[in-house]
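Enquirer: There's a structure below that I have some questions on.
Read-outs: derived from the displayed coordinates by stated rules, not from any lab. If you're wondering where the values come from, they're calculated on a predicted model, not measured in any experiment. Note: ideal-geometry Cβ built from the backbone for every residue, glycine included; neighbour counts use all protein chains shown.
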Amino acid sequence: MADAAVKEKQAVAPEAEQELTDGFHLIIDALKLNGVKTIYGVPGIPITDFGRMAQASGIRVLSFRHEQSAGYAASIAGFLTKQPGICLTVSAPGFLNGLTALAHATTNCFPMILISGSSEREIVDLQQGDYEEMDQLATAKPLCKAAYRILHAQDIGIGVARAIRAAVSGRPGGVYLDLPAKLFGQVMDAEQGRKSLVKVIDPAPAQIPAPDAVKRALDVLKGAQRPLIILGKGAAYAQADDNIRALVEKSGVPFLPMSMAKGLLPDTHPQCAGAARSTVLKDSDVVMLIGARLNWLLSHGKGKAWGEPHSKKFIQIDIEPKEMDSNVDIAAPVVGDIGSCVSALLEGMGAKWPAAPADWVNAVKAKREENVAKMAPRLMNNNVPMDYHGALGVLRTIVKERPDAILVNEGANALDLTRGIIDVYEPRKRLDVGTWGIMGIGQGYAIAAAVETGKPVLAIEGDSAFGFSGMEIETICRYQLPVCVVVFNNDGIYRGTDVNPLGTDPATTVFVKGSRYDKMIEAFGGVGVNATSPDELKRAVNAAMDSGKPTLINAMIDPAAGSESGRIGNLNPQSKLKKK
Ligand code: ADP
Ligand code: TPW
Ligand code: MG
């Protein structure tokens, strides 16, 4: 047909004949094409209809009461699934509320995408005072791994693909995706639209370690007299559970799990050195780090905790090359993904790998047994008011009987003592405050854990920690999730006994005495229980875990039982003048 004739035909063709799509549908199609099943968010302009349409398309869209909790949910969904967790927010204030979680995801190396609607670019950039005006892209950039904005419908496929790849490849992290309001309504030809979508091939490619690096690491390990393996949450994230276990067992080396790596091998495993932590850090001579950074949580790999003078040799397995030598020199860096590194190490060990030195293994075991025995009687106490040990003694047994339940944990004493006391038996069953020691993850984590895994969740939270996301118990009730929240209520932050010397306002660390957090969940049709003794606590938690009904247990803890900042009081700066 001649050009002129084609043009004429197009001009007269009724518009209805051309199948159209738009930004709304293309974003949904792009997410679904890449396996996104769940979105965590809060609706509002300009993403309300988008959320509705995503829900109608079969994506599970969970609405929260605050974006920060939705963001924490997305971040931990990323950790649990190795797919980016998606958080959806409105512009400026909603975006900012979600941003803490995005930064948290980046800090913790969890893949997550924060998708926020934004206002009119022309008005925002001229700062003319648009509705919820903010340069969100610029604001997000320093706080995440990558940040992108999509301006045109035909770029949605590529934009979503970039966001996914950036979140999960290499060291995982948070990605910001800016979607201006105008994008959603942009129309394009449906067939062209379909063609513009991108299914990301191999989003987190294996990163194979160099054979030399593997050999060097094995040589260092072989030369050790007192070797130690430290497992971090990168190892839990990697989902290389069988090979990690095989490596630890074949080597016979004592292992120390960081808090979210607990359960990779059971805490009750004969090689677990969790209960001999100070001894192994101090006395080991070669330390193999698997997916754990030498940051503050490991005293930067030096100083008193590591038995100065510094003479350790570190082997470090990490996907991020820049992590090597970050705090101390690394004798054997192994850069690659943990799955590939661990299988290369296993292969390199061959069939005749020597057993770890028996005197060291036995010394660690003896220390561990001594510490476990010391703790045991404290866990059996039935004191009223409860102390942390009495309460955790019963919760520890409940977790032992339900090893597939997911434990969420935040607080100070409520965190540190739970981490030390409650054994974890399976990988990725303990989710907590992570690298920043952030308060407020409780309900968001519990919701995502229940949604992503279908397993029951037990959340143990200090009364202060709980308060940061307490309103989300309505979300838990609304979606009828199998979550049992235990609030360790000691009337405050660290302790409930502080007094303001001026006698005017309450002290800065105390709350209303004898609060009944259990009443809060009753407002939403959940089960509330007030537990004053370990026996009552045990009955209530067992009932909740059996029924799967949303439950909140107010566990009354002696306000004098805790210590300042839990186990990390040493990090508080001291005033010389105060003590004058
Ligand atoms: P922890 O707090 O448990 O000690 P960190 O968050 O400090 O753990 O360290 C996790 C480390 O794991 C990070 O340095 C990150 O780069 C690394 N990591 C995450 N996923 C992988 C992976 N799949 N392969 C290799 N390293 C990984
Ligand atoms: C986002 C500082 C660390 S721990 C904590 C706060 C406020 C609460 C401790 O009290 P809780 O536990 O939960 O009642 P317990 O058993 O010791 O009484 N804001 C953020 N993150 C952190 N870490 C803080 C403040 C903090
Ligand atoms: Mg408290």
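Enquirer: Using a simple charge model, +1 on the beta-carbon of Lys and Arg, -1 on the beta-carbon of Asp and Glu, nothing else, what dipole does the chain show about its Cα centre, in debye to the nearest 20? Working shown, then result.
Expert: Numbers: 62 positive and 63 negative charges, 423 e Å.
The dipole of the chain has a size of about 2040 debye.
Enquirer: A follow-up question, please. Alpha carbons only, please: Rg and Dmax for segment 460-559, in angstrom.
Expert: Rg, Dmax (Cα atoms, Å): 14.3, 49.
Enquirer: Take LEU502 and ALA331, extend 7 Å from each Cα along the Cα→Cβ direction, and tell me the distance between the two endpoints in nm.
Expert: Spacing of the two 7 Å Cα→Cβ label points: 5.7 nm.
Enquirer: How many nm is it between the label spots at GLU564 and ALA305, if each spot is 7 Å from the Cα in line with the beta carbon?
Expert: 1.9
Enquirer: Kindly state, to the nearest 0.05, the FRET efficiency for ILE208 paired with LYS352, given R0 = 30 Å and r defined as their beta-carbon distance.
Expert: Values: r = 24 Å, r/R0 = 0.81.
Efficiency, rounded to the nearest 0.05: 0.80.
Enquirer: Among PRO377, VAL342, SER515, whose Cα projects farthest towards the positive end of the dipole of the chain, with charges put on the beta-carbon of Lys, Arg (+1) and Asp, Glu (-1)?
Expert: PRO377
Enquirer: In a Debye calculation with equal point scatterers on the alpha-carbon sites of segment 176-288 and no solvent, what is log10 I(q)/I(0) at q = 0.19 Å⁻¹?
Expert: Relative scattering, expressed as log10 I(q)/I(0), comes to -1.08.
Enquirer: Considering the dipole of the chain built from charges on the beta carbon (Lys and Arg +1, Asp and Glu -1) around the Cα centre, which of ILE319, ILE164, PHE79 is farthest to its positive end?
Expert: ILE319
Enquirer: Filter the DSSP H helices in the chain by two things, a Kyte-Doolittle mean of at least 0.0 and an axial alpha-carbon span of 30 angstrom or more, and list the hits by number. Mind dumping the intermediate values first?
Expert: Numbers: long enough: 358-379 (31 Å, -0.61).
Taking the DSSP H segments of the chain (at least 30 Å long, mean hydropathy at least 0.0), we get none.
Enquirer: Another question, then. Once you put a point 7 Å from the Cα of SER278 and another 7 Å from the Cα of GLU370, both along the Cβ direction, what distance in nm separates them?
Expert: 1.1
Enquirer: Something else: How large is the dipole of segment 302-454 about the Cα centre if only Lys and Arg carry +1 and Asp and Glu carry -1, each at its Cβ, rounded to the nearest 20 debye?
Expert: Result for segment 302-454 is approximately 520 debye, rounded to the nearest 20.
Enquirer: If you don't mind, there's one more thing I want to ask. Could you list, in their original order, any pairs among LYS313/LYS352; LYS215/LYS367; LYS250/LYS374; LYS429/LYS538; LYS400/LYS519 whose Cα atoms are separated by more than 26 Å? Mind showing how you got there, number by number?
Expert: Values: LYS313/LYS352 23 Å; LYS215/LYS367 32 Å; LYS250/LYS374 30 Å; LYS429/LYS538 20 Å; LYS400/LYS519 29 Å.
Those over the limit are LYS215/LYS367; LYS250/LYS374; LYS400/LYS519.
Enquirer: Taking 0.36 nm per residue of sequence separation and subtracting the Cα-Cα distance, how much length would be gained by fully extending the chain between VAL512 and GLU401, in nm to one decimal?
Expert: On the way: separation 111, 0.36 × 111 = 39.96 nm, distance 3.48 nm.
Additional length available on full extension: 36.5 nm.
Enquirer: Along the charge dipole of the chain, Cβ charges K/R +1 and D/E -1, which of VAL408, THR504, GLY566 sits furthest on the positive end?
Expert: GLY566
Enquirer: I want to make sure I understand the PRE zone here: with the label point 7 angstrom from the Cα of TRP436 toward its beta carbon, which residues in segment 102-119 have backbone N atoms less than 18 Å away?
Expert: Only 102-116 pass the distance filter.
Enquirer: If you don't mind, there's one more thing I want to ask. If you average over every viewing direction, what projected area does the convex hull of the Cα atoms of segment 116-253 give, in nm²? Before the final figure, lay out each step's value.
Expert: On the way: hull surface 50.2 nm².
The orientation-averaged projected area of the Cα hull of segment 116-253 comes to 12.6 nm².
Enquirer: If you bin every alpha carbon distance in the chain into 20 Å steps from zero, what whole percent lands in each bin?
Expert: In order of increasing distance, the bins hold 20, 48, 27, 4, 1 percent.
Enquirer: Whole-Hz ³J(HN,Hα) for each residue in segment 189-201, computed from phi via Karplus 6.51 cos²θ - 1.76 cosθ + 1.60 with θ = phi - 60°, x for glycine and proline: what do you get?
Expert: Going residue by residue, I get 4, 4, 5, 4, x, 4, 5, 7, 6, 10, 8, 6, 8 Hz, with x marking Gly and Pro.
Enquirer: Please give every one of the aspartates and glutamates within straight-line cross-link reach of LYS282, meaning a C-alpha to C-alpha distance under 19 Å, and leave out same-chain neighbours fewer than 8 residues apart.
Expert: Partners found: GLU308, ASP329, ASP359, GLU369, GLU370.
Enquirer: Suppose every Lys and Arg Cβ carries +1 and every Asp and Glu Cβ carries -1, with no other charges. What dipole size does segment 421-580 come out with about its Cα centre, to the nearest 20 debye?
Expert: Details: 17 positive and 18 negative charges, 99 e Å.
Value, rounded to 20: 480 debye.
Enquirer: Here's something else I'd like to know. Quick one: which residues, 5+ away or cross-chain, put their amide H under 5 Å from the amide H of ALA147? H built at 1.01 Å from N.
Expert: TYR176
Enquirer: Same structure, new question: Residue by residue through segment 518-523, what is 3J(HN,Hα) from phi via Karplus (6.51 cos²θ - 1.76 cosθ + 1.60, θ = phi - 60°)? Round to whole Hz and write x for glycine and proline.
Expert: 4, 5, 4, 6, 5, 4
Enquirer: Then there is this: Name the long-range amide H neighbours of SER91: under 5 Å, sequence gap of 5 or more, or other chain; modelled H, no Pro or chain starts.
Expert: Residues meeting the criterion, in which the H sits 1.01 Å from N, are GLY117.
Enquirer: Mind checking the alpha-carbon convex hull of segment 350-426 and giving the volume per residue in Å³? Let's see the in-between values first.
Expert: Values: hull volume 10.9 nm³, N = 77.
Per-residue hull volume (Cα only) is 142 Å³.
Enquirer: Based on the Cα atoms of segment 118-194, what semi-axes does the equivalent ellipsoid have, where each is the square root of 5 times one gyration tensor eigenvalue, given in whole Å with the largest first?
Expert: On the way: eigenvalues 100, 87, 8 Å².
Gyration-tensor ellipsoid for segment 118-194: 22, 21, 6 Å.
Enquirer: Let me ask you something else. Give me the log10 of I(q) over I(0) for segment 300-424 at q = 0.16, 0.18, 0.21 Å⁻¹, as the Debye formula computes it from C-alpha points; what are the numbers?
Expert: Values, matching the q order: -1.15, -1.17, -1.16.
Enquirer: Which order do the peptides 218-224, 526-532 take when ranked by the mean count of other beta-carbon atoms within 10 Å per residue, highest first? Present the calculation step by step, with values, prior to reporting the outcome.
Expert: Working: 218-224: 16.9, 526-532: 19.4.
Taking the mean over residues of other Cβ atoms within 10 Å, the ranking is 526-532, 218-224.
Enquirer: At 222 nm, what helix-only mean residue ellipticity would the chain give, in deg cm²/dmol to the nearest 500, using -39500 (n - 2.57) for each DSSP H run of four or more? Walk me through the intermediate numbers first.
Expert: On the way: 23 runs with 232 residues, N = 580.
Mean residue ellipticity at 222 nm (helix-derived): -12000 deg cm²/dmol.
Enquirer: Starting from the alpha-carbon convex hull of segment 226-324, give the projected area averaged over all orientations, in nm².
Expert: Numbers: hull surface 23.3 nm².
Mean projected area for segment 226-324: 5.8 nm², to one decimal.
Enquirer: Please list the non-local residues whose amide H lies under 5 Å from the amide H of LEU20, H modeled 1.01 Å from N, same-chain partners needing a gap of 5 or more.
Expert: ALA190
Enquirer: Rounded to the nearest Å, what's the spacing between the alpha carbon centres of segment 505-553 and segment 384-442? Just the number, please.
Expert: Here the answer is 16 Å between Cα centres.
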